[in-house]
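Trainee: One structure coming up, written as structure tokens, with questions to follow.
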Amino acid sequence: MHKSNSTSIKKILILGGGFGGITVLREIEKNFKKSKVEITIVSDENYFLFTPMLPQVISGLLHPSNISTPIRYFCKKAKFLQAIIESIDLDQQLVTIQRSFDNKMRALEYDYLVLALGGNTNYFKNHNLEKHSFSMKSIEDAIAVKNHIILMLEHAAQTGNYELQKMLLTFVVVGGGFAGVETISEINHFVRHSISKFYPSINPKNINIVLISSKERILPEINEELSKKAWESMEKAGINILKNTRADDAGEEFVMLNNGEKLPCATLIWTGGITMNNVVSELKCEHGESGRIVVDEILRMKNRENVFVLGDCALIKDSNLDSFYPSTAQHAIREGKLIVENLKALFKNEKKLKKFSFHSIGVMAIIGNRTGIATIRGYSIIGITAWLIWRAYYLAKIPTLGKKLKISVDWATDFLLTRDITLIGTIKKKKIHFIHITDNVPSIKQQLSSNLG
């Protein structure tokens, strides 16, 4: 097994910049100020994304930068590297990363590894659905969906053909969970509000907002009674919900349902689950559902005492309920805090480590304009009260005061102003190929020779 070159300074390597990875980073920064540690965090994006508010970017309610915080903001002692994670060698304790702009690769060594990698959108190997739908995982996804919706409105405003206008104004979201429900609710409000204000040539009767749920009901994470009330509220707002239905195929202007119905639409958004990326799925360890890594009660990879796993890529057994913990932000935050507590104990050579146990006090969702649903400590809430609780809770979780203020201003001005329908075009990216000539970063081969020598 590879050993660090330094016996006095321990190297902690964090992979992933989501809720789990950032929580670990912040807790280490806070608790290891006087410890001899070298902290490195690697992410393919240079920002932490506050995903619960991502649907509000689609509707123009929030500016993209207001729900994203540069990872370097959290790095007081740590080093940040924006790069793609290529592979993990558990035996050598090396992680290979690739710089995105010139594809240069290097190896990072570690004493303790924290795997907090998020998943990829799961299309269940259906290439047509992947090709013809939008996903909802990143800022780029939200901006792309918003631009596409505005483009459809502009095209619909210029046609007198009923069938064409109806197809352009049909917006379909697949997935009846929180992501799908909140996404379709924001789209519904944005489309109807924009048409009433700016598109007099569009017949509102041609608007068709559709949510496809593979289950008998939506929001399976909440109780059946509250789910039914959410359904009724969304239908009242003009959303058509198809239950016990799956999307089996798609083209540029349609989605094919499992009942044989061909639904004409120009907009298809997929929120139907996640799968692990190759770096995680190819690791030589025990895997479970959806390729997630099976961990013990301390959140360590089995048979790897120095590798901790959390978030989307971890399969964590809930022994109290004889099931597995869900991959939510609040669980990832708690997992991250526990991992740092156990790292502190390991640094003090303590034998007894804490086991993970957490049960959410509630779940919440926005299901319409100033309408929300919430289950808190067994109490069910629906309407403007739940909507306000949702806003207060998530605003408190935004990591910086500046972002909190900007979001508060966006929310306040929404009471007075209309949503923005500016169509932002494609942004050009420049590739730089010659930088590696003068770059003095050691190659993987050089580093491996040094490490093994």
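The values are calculated or read from the model by the stated rules, or taken from the named source; none is laboratory data. The structure presented is a predicted model; accordingly, all values stated were derived computationally and were not measured. All Cβ positions, glycine included, derive from the backbone under ideal geometry; neighbour counts span all protein chains shown. Just so you know, the surface numbers come from the protein's heavy atoms only, side chains and all, with ligands and any DNA or RNA stripped out. Shrake-Rupley method; radii C 1.70, N 1.55, O 1.52, S 1.80 Å.
Trainee: Please name all residue pairs, on different chains or six or more residues apart, with Cβ atoms under 6 Å, provided the first residue is in the range 131-160 and is more than 20 Å from Ala250 (Cα to Cα) and open to solvent by 20 Å² or more (accessible area, probe 1.4 Å) and the second residue is of a type in the set (Phe, Trp, Tyr) and outside any helix (DSSP H, G or I).
Mentor: Correct list of pairs: Ala157/Tyr199.
Trainee: If you check every pair at least six apart or on different chains, which have Cβ atoms under 7 Å apart with a residue in the range 187-203 that is among the aromatic types (Phe, Trp, Tyr) first and a residue that is not in a loop (DSSP other than H, G, I, E, B) second?
Mentor: Phe190/Ile58; Phe190/Ile149; Tyr199/Leu153
Trainee: I need every pair where a residue in the range 294-316 that is within 17 Å of Thr328 (Cα to Cα) and part of a strand (DSSP E or B) has its Cβ under 9 Å from the Cβ of a residue that is hydrophobic (A, V, I, L, M, F, W, C) and modelled with pLDDT under 95, sequence separation at least 6 or different chains.
Mentor: Going by the 9 Å Cβ cut-off, the qualifying pairs are Leu315/Phe324.
Trainee: Taking the options Val181, Val172, Val210, name whichever one is in contact with a Cys (Cβ under 7 Å, 6 or more places away or on another chain), modelled with pLDDT of 95 or more and either more than 22 Å from Tyr123 (Cβ to Cβ) or of a type in the set (Val, Ile, Thr) (or both). If you could, list the steps in order and put the result at the bottom.
Mentor: Working: Val181 fails: in contact with a Cys (Cβ under 7 Å, 6 or more places away or on another chain); Val210 fails: in contact with a Cys (Cβ under 7 Å, 6 or more places away or on another chain).
Answer to the selection: Val172.
Trainee: Which of the strands (runs of 3 or more DSSP E) contained wholly in the range 61-140 include at least 3 residues that are within 22 Å of the chain's Cα centre (by Cα)?
Mentor: Details: elements: 68-70, 79-82, 84-89, 94-98, 105-109, 112-115.
Strands (runs of 3 or more DSSP E) meeting the threshold: 68-70, 79-82, 84-89, 112-115.
Trainee: What is the residue count in the range 389-410 for residues that are open to solvent by 40 Å² or more (accessible area, probe 1.4 Å) and touching a Leu at 6+ places or on another chain (Cβ under 8 Å)?
Mentor: Matching residues across the range 389-410 total 2.
Trainee: Looking at Thr170, Thr121, which is the one that is within 18 Å of Val255 (Cβ to Cβ) and surrounded by fewer than 20 Cβ atoms within 10 Å (Cβ to Cβ)? Break it down into steps so the answer makes sense when it comes.
Mentor: Numbers: Thr170 fails: surrounded by fewer than 20 Cβ atoms within 10 Å (Cβ to Cβ).
Selected residue: Thr121, the only one of Thr170, Thr121 that is within 18 Å of Val255 (Cβ to Cβ) and surrounded by fewer than 20 Cβ atoms within 10 Å (Cβ to Cβ).
Trainee: Determine if the range 257-269 includes at least one residue that is at pLDDT 95 or above, of a type in the set (A, V, I, L, M, F, W, C), farther than 28 Å from Ser380 by Cα and part of a loop (DSSP other than H, G, I, E, B).
Mentor: Going residue by residue through the range 257-269, those that are at pLDDT 95 or above are 257-269.
After this cut, where a residue has to be of a type in the set (A, V, I, L, M, F, W, C) as well, the list is 257, 263, 265-266, 268-269.
So of that shortlist, the ones also farther than 28 Å from Ser380 by Cα come out as 257, 263, 265-266, 268-269.
Narrowing the set further to residues that are part of a loop (DSSP other than H, G, I, E, B) leaves 265-266.
Yes, the range 257-269 has at least one match.
Trainee: Turning to a different aspect of this structure: Report, by residue number, each residue of the range 9-55 that is part of a helix (DSSP H, G or I), of a type in the set (S, T, N, Q) and buried (at least 23 other Cβ atoms within 10 Å of the Cβ). Step through it out loud before you land on a result.
Mentor: Within the range 9-55, the first condition is being part of a helix (DSSP H, G or I), and the residues that meet it are 19-31, 51-53, 55.
Imposing the further condition that a residue be of a type in the set (S, T, N, Q) reduces the set to 23, 31, 51.
The answer is Thr23, and nothing else.
Trainee: Looking only at the range 332-352, count every residue that is under 14 Å from Gly21 (Cα atoms), open to solvent by 10 Å² or more (accessible area, probe 1.4 Å) and of a type outside the set (A, V, I, L, M, F, W, C) and tell me the total.
Mentor: Going through the range 332-352 one residue at a time, the tally reaches 2.
Trainee: Please state which one of Leu226, Leu263 is farther than 24 Å from Leu54 by Cα and open to solvent by less than 30 Å² (accessible area, probe 1.4 Å). Outline the logic, then answer.
Mentor: Numbers: Leu226 fails: farther than 24 Å from Leu54 by Cα.
Result of the check over Leu226, Leu263: Leu263.
Trainee: Considering only residues of the range 234-258 that are of a type in the set (S, T, N, Q) and either over 26 Å from the mean Cα position of the chain (by Cα) or crowded, with 20+ Cβ neighbours inside 10 Å (or both), which is farthest from Ser185 (Cα to Cα)?
Mentor: Asn258
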